[in-house]
Each structure stands twice: as C-alpha cells, then as structure tokens.
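The values are calculated or read from the model by the stated rules, or taken from the named source; none is laboratory data. Model, not experiment: these values are computed from the prediction. Using ideal geometry, Cβ is built from the backbone for each residue, glycine included, and neighbour counts are taken over all protein chains shown.
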Amino acid sequence: MAEQAAMLLTAMASVILTWVPLCFIFTGVGLISLRVFDLKPKGAGTGLKCFWVGWALVLILLQIWHLWLPVDWRALTLISAIGVLGLLWHRRELRHLASRRLPTEWLFCLVMLAVAVRLANRAIGPLEHIDAGLYHLSSIRLRREGDLSGGFVMDVEDPAELFKSYR
C-alpha cells in the first residue's frame with residue numbers, strides 16, 4: 001500500500017514538475033503580448049491572463065510550425081526561448097510584483113497549488129471519456145508504433161482524389 005502511494009505521489013510530482021516550466025514559458029509568451037499592447041502586469045490575475053494568452057499564442061505558433069516542420073525539440077526550444085525572453089523583458093515588473101503583491105495574494109497561490117495537485121491527479125488517472133476510443137487512443141497507438149514526425153503531408157498524386165468522397 002505504501003509503495004502504491006509512493007508511486008502515485010511520484011507520478012503526480014513528475015506531472016507538476018513538467019507543468020511548472022511550461023507555465024513559466026506560456027506566461028513569458030503572454031507577457032510579450034503585454035509589451036506589444038504597452039501594458040504592465042498588475043497582479044497575480046494578470047499573470048494568469050498572460051498564461052492563457054501565451055498558451056493560445058503557442059498553439060497558433062505550433063499550428064503554423066506544423067505546416068512545414070515536425071513539432072519536436074526545435075519547436076520546444078523556440079517557444080522556450082520566446083518565453084524566457086518575455087520573462088527577462090519583464091523581470092523588473094515581475095520582481096516588484098513578487099515582492100509587493102505575492103505576500104498579499106497567498107490565498108490565490110494556495111488555491112492554484114491545490115488546483116494543480118488535483119489536475120495532476122486526474123492527469124495520471126484512467127481514461128474515462130466515452131469517445132476517446134474513436135480518436136485519442138488510436139493517435140497514441142499510431143504515435144507509438146509509427147512515425148508521425150513529418151509536417152503537413154499530402155500523399156495523393158491527384159488532389160481531386162481528396163474530395164472524391166464528398167461528391
């Protein structure tokens with residue numbers, strides 16, 4: 001029983017330790033969008049907004065990236081560099097925010113930690129979605145067994161064949 005609990009905690013910790021750097025990277029990308037609109041971070045809520053804006057911008061970048069190149073370590077390196085640049089660019093504001101606002105917003109930080117632990121617990125749990133077998137499990141199997149590392153590829157000699165089933 002203790003061994004299972006230790007494995008559970010180890011798995012949850014590994015998920016959270018993967019999410020933390022990504023959280024900072026997405027927040028850095030979102031902070032760059034603040035700079036574009038000439039805004040300054042004002043509180044922990046702004047950091048949360050920057051996270052979601054950065055996440056959306058990263059998704060857009062990865063969609064464009066995937067048209068020509070596989071999403072691999074190069075994409076992660078580029079996005080990480082952009083995120084770190086955003087954090088460094090706003091380091092003065094972030095330092096001020098951490099020293100002045102973070103002690104007063106400890107409840108927000110505690111709630112975010114509890115949410116992260118709960119989400120990490122759900123992330124390592126069983127797959128419970130009804131339609132997951134239609135697309136999710138097959139994509140995991142294809143990724144494990146085959147090479148899906150190419151970008152957007154059309155393997156059709158006649159492009160009209162793509163739309164044949166819609167006629």
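Side notes on the structure shown:
- Test result for Thr10, part of a helix (DSSP H, G or I), of a type in the set (Ser, Thr, Tyr) and modelled with pLDDT under 85: no
Each row is one residue, and each column tells you yes or no for (1) crowded, with 17+ Cβ neighbours inside 10 Å; (2) within 22 Å of Ala123 (Cβ to Cβ); (3) touching a helix residue (DSSP H, G or I) at 6+ places or on another chain (Cβ under 9 Å).
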site: Ser14; (1), (2), (3): no, yes, yes
site: Trp19; (1), (2), (3): no, yes, yes
site: Leu22; (1), (2), (3): yes, yes, yes
site: Gly28; (1), (2), (3): yes, no, yes
site: Ile32; (1), (2), (3): yes, no, yes
site: Leu57; (1), (2), (3): yes, no, yes
site: Gln63; (1), (2), (3): no, no, no
site: Trp68; (1), (2), (3): no, no, no
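- Answer residue from segment 53-88, given it is in a helix (DSSP H, G or I) and among the aromatic types (Phe, Trp, Tyr) and is nearest to Val29 (Cα to Cα) among those: Trp55
- Positions within segment 114-127 being modelled with pLDDT of 80 or more, in contact with a helix residue (DSSP H, G or I) (Cβ under 9 Å, 6 or more places away or on another chain) and among the hydrophobic types (A, V, I, L, M, F, W, C), in sequence order: Ala116, Val117, Leu119, Ala120, Ala123, Ile124
- Note on segment 26-52: among residues that are charged (D, E, K, R) and part of a helix (DSSP H, G or I), the one that is modelled with the lowest pLDDT is Arg35.
- Selection from segment 81-97 of residues that are small (Gly, Ala, Ser) and either surrounded by 17 or more Cβ atoms within 10 Å (Cβ to Cβ) or over 18 Å from Trp55 (Cβ atoms) (or both): Gly83, Gly86
- Residues that are in a helix (DSSP H, G or I) and touching a residue at least 12 places away in the same chain (Cβ under 8 Å), drawn from segment 89-102: Trp89, Glu93, Leu94, Leu97, Leu102
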